[in-house]
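In what follows, a single structure is set out as structure tokens and then discussed.
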Amino acid sequence: MSSTEIPTPLVDADAGTREIVTGNKKPRTGDKPKPRILLTILMGIIAVAWLFPLLGLLITSFRSKADVDATGWWTVFLNPFGTDWTMENFALAWDALDVGQTFWNSVAVTVPATVLPILVAAMAAYSFAFLQFRGKEIYFAIVLGLMIVPVQIAIIPVLQLFVWFGNTTGIQIIGQYPAAYIVHSTFALPLAIYILRNYMQTLPTSLIEAARVDGASHFQIFWRLIVPMSVPALASFAIFQFLWVWNDFLVAYIFIQSGPNAVMTQGLYTLMGQYGQGWQRVAAGSFITLVVPLVIFFALQRFFVRGMTAGSVK
Amino acid sequence: MPILSAIISVIIGVGVSLLIFWAANWLIERTGDKWKARLLPYVFLGPVIILVAIFLLYPAIRTLIDSFMQQSQRRGESASFVGFDNYIDLFTDPNFLGILLNNVLWVIVVPTGAVLIGLLVAILTDRLGKRRETTFKSMIFLPMAISGVAAAVTWRFIYFYAPPGNPQIYSLNAFWTAVTGQDPVPWLTIDTARLNSFLIMFIVVWLQTGFAMVLLSAAIKGVPEETIEAARLDGATERKLFLSVIIPQIRGTILAVFITILIVVMKLFDIVYAMTGGQYNTSVLAVEFYAQLFSFQNPGKAAAVVMVLMIAIAPLIVYQVRSYKAQEELR
């Protein structure tokens with residue numbers, strides 16, 4: 001992956017103030033900021049070293065099994081044309097991962113597990129930010145406290161709950177998508193409410209009061225005023241949640257299990273267990289699973305960073 | 001088709017919840033003002049209260065009760081109350097004490113490592129042009145997008161071991177044999193000075209540094225220019241400027257980042273599980289929970305492990321609530 005192809009600025013929200021700051025910040029170097037070659041080289045070394053593990057994985061995924069077993073991946077730099085480059089690993093890994101199925105399973109788990117908690121959390125955040133009711137502080141403190149409850153706590157009781165539900169109603173939840181997105185959604189709620197409420201708190205109350213005077217209901221205000229104005233916070237949390245759920249292994253492993261609904265990380269885990277058949281295949285499989293998170297990441301990191309830093313920087 | 005069922009479930013889920021909100025809101029808008037103000041918040045909070053009560057609070061209470069129970073070995077028989085036996089078993093087991101020590105190391109090393117490297121990158125890139133800054137930051141941030149399992153694959157390829165005589169295709173051993181001329185080392189099995197744990201911790205530092213860097217970088221840019229100028233006029237060196245002007249101003253962000261990563265580390269499961277399965281003294285609480293539940297078929301003890309995990313993070317709840325209250329009083 002060439003670094004020059006990265007299109008989106010990482011910190012963008014404060015670009016305006018930044019220009020002023022860089023202008024003043026370098027009085028020692030005169031009026032024009034110098035290119036700072038040494039610093040660039042140093043940072044370049046750090047950044048390349050940081051991506052070194054992934055580079056190895058990428059190169060390995062294009063080599064033949066014989067080559068991977070015989071020499072380290074870095075030897076291709078000495079002899080790039082003596083290497084037996086191949087796309088075959090991707091075809092093998094594609095089948096081993098059962099991408100045609102697991103990819104859609106991942107979509108089926110991730111999309112609801114991203115959309116639903118955000119909707120529900122945004123409503124709750126609205127009431128924390130704009131409505132007055134008794135015990136508001138206590139409720140919010142409880143939400144804060146729940147932020148750190150580990151998902152492990154849900155495993156035994158929720159499994160039992162699902163089994164009980166299945167036995168009583170005849171509807172088996174375990175192994176189905178809803179099992180995973182109920183758990184993912186619930187455990188995302190506290191953090192989502194916290195972030196969204198902090199953001200909504202910064203919106204002007206006068207606007208809501210004016211809308212109330214005009215006869216708008218809270219539902220209309222929420223939907224027509226607050227949601228459009230909260231897009232940066234909503235988007236950044238959505239991206240966060242999407243990546244978490246897409247990359248999750250534990251919840252899927254326990255609640256969806258390795259049936260027909262298994263997600264991609266489970267496929268990759270299984271593939272990893274078969275690395276006796278060659279690293280190149282596991283490497284190719286890893287890259288297949290990386291595509292979606294990387295696309296999301298590069299396409300949306302602008303919003304991601306803006307929303308994330310909006311709440312934290314005062 | 002899974003994609004179809006995903007779309008349908010989103011539409012149904014969103015549609016039904018919107019309808020419920022709308023209907024409840026419509027009803028309440030028609031009641032008297034007094035009731036309106038009282039009931040409305042609970043309409044907006046309702047779904048959260050229901051979900052959290054069923055899938056968060058109930059499991060927490062249930063786990064607490066389970067931790068005092070012992071599952072019967074015979075089928076069909078229910079669990080019996082055993083008091084603190086599960087906890088006593090855990091805390092008299094040298095293995096578990098080793099796991100606790102490991103966890104302590106994890107929560108110190110990983111957040112510290114991520115914050116320090118993130119800070120370093122944030123400062124260095126801050127002095128470069130916008131384009132270079134963006135490029136380098138994206139490169140450091142990239143591992144954030146990777147799943148724990150994919151990260152494990154990536155780092156297995158670095159840490160694994162090929163016996164002597166075989167070609168060294170694993171980076172670390174290739175480097176080791178080439179530089180020292182000695183035999184390759186099975187790194188992940190060496191628990192002397194917790195070497196294998198530290199190697200796994202580094203993977204998580206690698207994954208989390210990007211997050212730390214983004215927030216710290218934003219905080220550094222948020223330091224008012226006047227304070228920096230004033231310090232410069234007073235003749236502060238760059239180093240002193242950083243240590244005594246910038247660092248104190250971004251202390252809040254540093255702490256927030258540290259705690260966020262600490263919470264991630266406490267719950268961490270997949271990396272350790274995929275690297276060693278918790279063997280060779282590398283286990284942490286979340287992995288031990290899994291081992292107790294599924295490998296040893298001992299749900300009572302597993303519940304006790306989660307309670308230990310909860311109690312260990314409890315001070316952070318107190319801290320979170322306190323800082324929230326302080327923030328509320330300021331407004």
TODO: Roll a 1.4 angstrom probe over the protein heavy atoms and tell me the percent of accessible area of the protein assembly as shown that is carbon or sulfur.
DONE: 66
TODO: Within region B:14-85, list the trypsin sites (Lys or Arg not before Pro) lying in a DSSP loop whose Cβ has at most 14 other Cβ atoms in a 10 Å radius.
DONE: B:74, B:75
Task: Calculated [θ] (222 nm, deg cm²/dmol) that DSSP helices of n ≥ 4 give over chain B, each run adding -39,500 (n - 2.57) - done: -23000 deg cm²/dmol
Task: Residue with peak Gaussian network fluctuation, chain A [Cα springs, cutoff 10 Å], from A:134, A:63, A:212 - done: A:134
TODO: Quick one: which residues, 5+ away or cross-chain, put their amide H under 5 Å from the amide H of residue B:222? H built at 1.01 Å from N.
DONE: none
TODO: Taking only Cα atoms and a 10 Å spring cutoff, compute GNM fluctuations for chain B and point out the largest among B:252, B:278, B:181.
DONE: B:181
Open item on the list: Output wanted: per-residue J couplings in Hz (rounded whole) for region B:12-20, from phi through Karplus 6.51 cos²θ - 1.76 cosθ + 1.60, θ = phi - 60°, x for Gly and Pro.
Closed with: 4, x, 5, x, 5, 5, 4, 4, 4
- [ ] Would you tell me the accessible area of residue A:213, worked out with a 1.4 angstrom probe on the heavy atoms of the protein chains, in Å² to the nearest 10?
- [x] 120
TODO: Summarise the partner chain shielding of A:250-259 as one whole number: the mean count of Cβ atoms from other chains within 10 Å of each residue's Cβ.
DONE: 2
Task: Accessible area of region B:200-331 divided out per residue, in Å², using a probe of 1.4 angstrom - done: 42
Task: Residues losing 40 Å² or more accessible surface upon assembly, region A:97-127, compared with the chain by itself, 1.4 Å - done: A:104, A:116, A:119, A:120, A:123
- [ ] Rank B:28, B:313, B:108 by mean-square fluctuation in a GNM of chain B with C-alpha springs under 10 angstrom and give only the top-ranked residue.
- [x] B:28
TODO: Report the local net charge at residue A:84: Lys and Arg +1, Asp and Glu -1, summed over other residues whose C-beta lies under 9 Å from its C-beta.
DONE: 0
Open item on the list: Using only DSSP helix segments of four residues or longer, with each worth -39500 (n - 2.57), what per-residue ellipticity at 222 nm results for chain A after dividing by its residue count and rounding to 500?
Closed with: -22500 deg cm²/dmol
Task: Under 5 Å, built H, 5+ apart or other chain: amide partners of residue B:69 - done: B:82
Task: Probe 1.4 Å - accessible area at residue B:179, Å² to nearest ten - done: 100
Open item on the list: From the protein chains alone at 1.4 Å, what is the descending order of accessible area for B:194, B:132, largest first?
Closed with: B:132, B:194
- [ ] Please compute how much accessible surface disappears when A pairs with B, both sides summed, using a 1.4 Å probe, and round it to the nearest 100 Å².
- [x] 11000
Task: Given charges at Cβ of Lys, Arg, Asp, Glu: region B:98-229 dipole, positive-most of B:187, B:152, B:213 - done: B:152
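The values are calculated or read from the model by the stated rules, or taken from the named source; none is laboratory data. Predicted model only: the values in this text are computed from it and were never measured. Here Cβ is always computed from backbone atoms with ideal geometry, including for glycine, and neighbour counts include all displayed protein chains. These area figures cover heavy atoms from the full protein model, side chains too; ligands, DNA and RNA do not enter into them. Shrake-Rupley method; radii C 1.70, N 1.55, O 1.52, S 1.80 Å.
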